[in-house]
Amino acid sequence: MKRFWIGVLILIVVCLAGFAVYAWKPAIDPIEPPQRTSFDQALIEKGAVLASVGNCTACHTKPGGKSFAGGLAVPTPFGTIYSTNITPDPKTGIGRWSEAAFSRAMREGVERDGDHLYPAFPFDHFTLVSDEDNKALYAYLMTRHAVESRPPANELTFPLNLRFVLAGWKLLFFHKGAYREDTAQSAEWNRGAYLVEGLGHCGACHTPRNALGAERKGAHLAGGEAEGWDAFALDRSSSAPVPWTHDSLDAYLRQGWHADHGVANGPMAEVTGNLGRLPDSDMSAIATYLISRMSEPTPERAAAAEDIRKKLSIDQGGTPIPASATTGSPTSRGGAIYQAACATCHDGSRPQPFGGIDFHLSSTIAAREPQNAINVVLFGLPATSGRESPIMPGFAATLTDDQVADLLGYLRETYAQKPAWADAKTKIADTRSGKYRVSVGPSDGIERSPDNVGAKD
Amino acid sequence: MLKLNVNGTSHDVDVDPATPLLYVLRNDLKLNGAKFGCGLGQCGACTVMVDGKAVFSCLTPAMLVEGREIKTVEGLGTIDAPGPMQKAFIEQQAAQCGYCIAGMMMRAQALLEAKPDAADADIRQALEPNLCRCGTHMRILRAVARARDLMQGKSADNMAPAAATGRG
Ligand code: FES
Ligand code: FES
């Protein structure tokens, strides 16, 4: 028996030692910050486009702050993580990182000094990025304005505040590796897959996560959550009433809206704002790949979409005005609110994106969860600074929680022909009170108005 | 028949319940301070307060605000006895054509009631939804900062810098 326990002990020690070896990453020597002239201009420009695919600015820029200087609070179920400064500042940024250190961070999620990075930085996707692209990204970031700014310390619960614990997370969920071509698919499809699954890290928001915050492998792109918004499913369970096509997806991602689907809002607005910079071929490749994930719509879905199209071509005048928002059934009260407050834009003559979407087409109204509908009704869509943009006023100050619930119930039943969301009321209250945190930005996302008005760079 | 409480007075108005509050204020109650600019919630000329919060009255169906406290620019003071917000706008001559001003004052009032010591940056941010096509923004911002100081009982000598800088 004694021998057995000694054996167990040895096993534990060996395992711990093994884990320590696995967890320990060496520091990579700091370098003298490279001169701007040491980078090729074409490489920097390539890096700029790649950085928009990666949407780097969204997390690494604090609203109103300097680009890439970090400090944005990223709430997670485990506490708050603050994004890092990725400007070439030698003290507080990545100015002393060599290209090798940068590539290792992308490939393995390890800092220059050997610390493990939190998966809020989506290295589980970035591991697919090619050396060539990392080189360009490095050139781009190392030639930005250096900003001296140290982000606040992360606020995480024990034991997650200990970085070596992340090695365990990686052991369980992280697969390091470059992108592997699927030879059965076209070159365009492969290009799309490389961008979507790698640098684009679409799954970081659009895939649900498990209790430990890792993307659930069996539910790839089946719909997730980001900054208080539901990121809709990009697989066959897509809630879009008119199924996405290659062309509608291509146009939506490029311009931030499409007549069949409406305007990008929440964190997606930043994404589409950034993607507009991509070359046509890459945009088309992304659409090709994502459409293949959604697969052909079933005959029933296609027929339902046809019905909607027919309805939209006839239905011009809207439904008759119901009498009162205070009496009658919830649905009739909701209908009264819709007619009085929403129909001017949502059933008007102005086309999108400046007019509102007809709710027959809205993924938000057809979605499983009411969260996005709640966010839009309460907070609207703020205007973009300095140029024309879609805009919607928020109704938080006008509508009570009950009125929002009535309105949503009406929209569900009338436009999606689905029963009202069961848990809407609590969610409305929590969203309004801030208990459930939602980030609200303008439709291009990039300016993060109004904080950023007058930003210096 | 709807019962509306405007500037502390209760009114019975005989309107279609879906009528925008703005129309009721202007047409039925003859309170013409709030203006019609766009009717779409995009300009802020129609801004009034409901239960202390700034709302676009053009997009607020009257039936939704029954029994709630509605305040318009007429409720901030009178010509003879202007309230601090109005006084500050007059002092700073913060109007060109004046069309946007009632809305500006109401949104600013809502901010200062919620946050009496609002910083200049807060004022700038809060007024963001309201447009002024004459471009008097800088004076408007100064006027609101001045109103904040007046409401806090500060005299002209210890005003905040933004309000103290000259006209122009
Ligand atoms: S008239 Fe109401 S916002 Fe323009
Ligand atoms: S003063 Fe004319 S619109 Fe503002």
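The values are calculated or read from the model by the stated rules, or taken from the named source; none is laboratory data. Source: prediction; values computed, not measured. Quick reminder, even Gly has a Cβ in these numbers, built from the backbone with ideal geometry, and neighbours come from all protein chains shown. For accessibility, only protein heavy atoms count, side chains too; no ligands or nucleic acids. Shrake-Rupley method; radii C 1.70, N 1.55, O 1.52, S 1.80 Å.
Remark: the stretch B:84-151 carries 44 Å² of accessible area per residue (probe radius 1.4 Å; ligands, DNA and RNA excluded). In this structure, the amide hydrogen of residue A:209, modeled 1.01 Å from its nitrogen in the peptide plane, lies closer than 5 angstrom to those of A:216, counting only residues at least 5 positions away or on a different chain.
Remark: relative contact order (chain A) = 14 percent; criterion is Cα-Cα distance under 8 angstrom and separation of 6 or more residues. Across peptide A:385-392, the mean count of Cβ atoms from other chains lying within 10 Å of each residue's own Cβ comes to 1. In this Cβ point-charge picture (+1 for Lys and Arg, -1 for Asp and Glu), the stretch A:187-294 has a dipole of about 260 debye about its Cα centre.
The HN-Hα couplings worked out from phi for the stretch A:149-160 by the Karplus form 6.51 cos²θ - 1.76 cosθ + 1.60 (θ = phi - 60°) are 6, 9, x, x, 5, 4, 10, 10, 7, 4, x, 6 Hz, whole numbers, x standing for Gly and Pro.
Treating each Cα of the stretch A:187-294 as an identical point scatterer and summing with the Debye formula, the log10 of I(q)/I(0) at q = 0.13 Å⁻¹ comes to -0.43. Counting only GluC sites (Glu not before Pro) that DSSP places in a loop and that have at most 16 other Cβ atoms within 10 Å, the longest clean stretch of chain A runs over A:182-387.
Computed from Cα positions, the angle between helix A:424-433 and the longest principal axis of chain A comes to roughly 60 degrees. By the Stokes-Einstein formula, at 0.890 mPa s and 25 °C, the stretch B:23-168 with its Kirkwood radius over alpha-carbon pairs has D equal to 160 µm²/s. Helix A:2-23 and the longest principal axis of the Cα set of chain A meet at an angle near 70°.
Amide H to amide H distances under 5 Å link residue B:77 with B:83, where only residues 5 or more positions off or on other chains count and H is placed in the peptide plane. Here the stretch B:84-151 is treated with +1 on each Lys and Arg Cβ and -1 on each Asp and Glu Cβ, and its dipole about the Cα centre works out to around 200 debye. For chain B, relative contact order (Cα pairs under 8 Å, six or more residues apart, normalised by length) works out to 21 percent. Only Lys, Arg, Asp and Glu carry charge here, each on its Cβ (+1 for the first two, -1 for the last two); on that basis the protein assembly as shown has a dipole of about 1100 debye about its Cα centre. Under a Gaussian network description of chain B, with springs only between Cα atoms under 10 Å, the residue in B:24, B:15, B:144 that fluctuates furthest is B:15.
Share of carbon and sulfur in the accessible area of the stretch A:187-294 stands at 55%, probe radius 1.4 Å. Ranking A:193, A:178, A:214 by Cα position along the charge dipole of the stretch A:167-219, where only Lys, Arg, Asp and Glu carry charges on their C-beta atoms, puts A:214 farthest toward the positive end. Accessible surface buried at the A:B interface totals approximately 1800 Å², computed with a 1.4 Å probe on protein heavy atoms.
Towards the positive end of the charge dipole of chain A, with charges on Cβ (+1 Lys, Arg; -1 Asp, Glu), say which of A:109, A:5, A:426 has the farthest Cα. With unit charges placed on the Cβ atoms, the residue in question is A:5. In this simple spin-label approximation, residue A:306 and residue A:132 carry label points 7 Å from Cα along the Cα→Cβ vector, and these lie 4.5 nm apart. Hull volume per residue, based on the alpha-carbon atoms of the protein assembly as shown and their convex hull, is 210 Å³.
Taking the alpha carbon gyration tensor of the stretch A:126-199, multiplying each eigenvalue by 5 and rooting it gives semi-axes of 30, 22, 9 Å, largest first.
The 3J(HN,Hα) values that the Karplus relation (6.51, -1.76, 1.60; θ = phi - 60°) gives for the stretch A:68-85 are, in residue order, 6, 7, x, x, 6, 6, 10, x, 10, x, 9, x, 9, 10, 9, 5, 8, 7 Hz. Gly and Pro appear as x. By accessible area, using a 1.4 Å probe on protein heavy atoms only, the stretch B:2-72 has 46% of its surface on carbon and sulfur. By the rule of a C-alpha distance below 29 Å, with chain neighbours fewer than 8 residues away ignored, the lysines paired with residue A:66 are A:46, A:91, A:135, A:435, A:456, B:115.
In a DSSP loop and with at most 16 other Cβ atoms within 10 Å, the chymotrypsin sites (Phe, Trp or Tyr not before Pro) in the stretch A:1-70 are A:24. Across all directions, the average flat footprint of the convex hull enclosing the Cα atoms of the stretch A:332-376 is 3.5 nm².
Taken one residue at a time, the phi angles of the stretch B:51-62 give Karplus couplings (6.51, -1.76, 1.60, θ = phi - 60°) of 6, x, 10, 6, 9, 7, 6, 5, 10, 10, x, 4 Hz. Gly and Pro are set to x. Peptide B:38-48 is shielded by partner chain Cβ atoms: per residue, an average of 3 of them sit within 10 Å of its Cβ.
Straight-line cross-link partners of residue A:310 among the aspartates and glutamates, defined as a Cα under 17 Å from its Cα and at least 8 positions apart when in the same chain: A:260, A:300, A:347, A:358. Comparing Cα centroids, the stretch A:89-110 and the stretch B:17-80 end up 55 angstrom apart.
Over all directions, how big on average is the projection of the convex hull of the alpha-carbon atoms in the stretch B:2-72, in square nanometres? If I average the Cα hull's projected area over directions, I get 3.9 nm². Tell me the label-point distance for the pair residue A:157, residue A:78, using the 7 Å Cα-to-Cβ offset, in nm and rounded to one decimal. In this crude spin-label approximation the distance works out to 1.2 nm.
Distances between placed amide hydrogens fall under 5 Å for residue A:231 paired with A:224, A:225, A:226, all partners being 5 or more residues away or on another chain. Only DSSP H runs of four or more residues enter the estimate; each adds -39500 (n - 2.57), and after division by the residues of chain A the mean residue ellipticity at 222 nm equals -12000 deg cm²/dmol.
Take the Cα radius of gyration of the stretch B:84-151 and divide it by 2.2 N^0.38 Å, N being the number of residues; the result is 0.95. Note that the stretch A:26-173 shows a convex hull volume over its alpha carbon atoms of 109 Å³ per residue. Accessible area of the stretch A:1-155 with a 1.4 Å probe: how many percent of it is carbon plus sulfur? Its accessible area is 62 percent carbon and sulfur atoms. Overall size of the stretch A:316-433 from C-alpha positions, given as principal axis extents largest first: 42, 36, 25 Å.
Between the helical axis of B:101-114 and the longest alpha-carbon principal axis of chain B there is an angle of about 80 degrees. Relative contact order of the stretch A:316-433: 26 percent, from C-alpha pairs under 8 Å at least 6 residues apart in sequence. Neighbouring Cβ atoms from other chains, within 10 Å of the Cβ of residues in B:58-67, number 5 on average.
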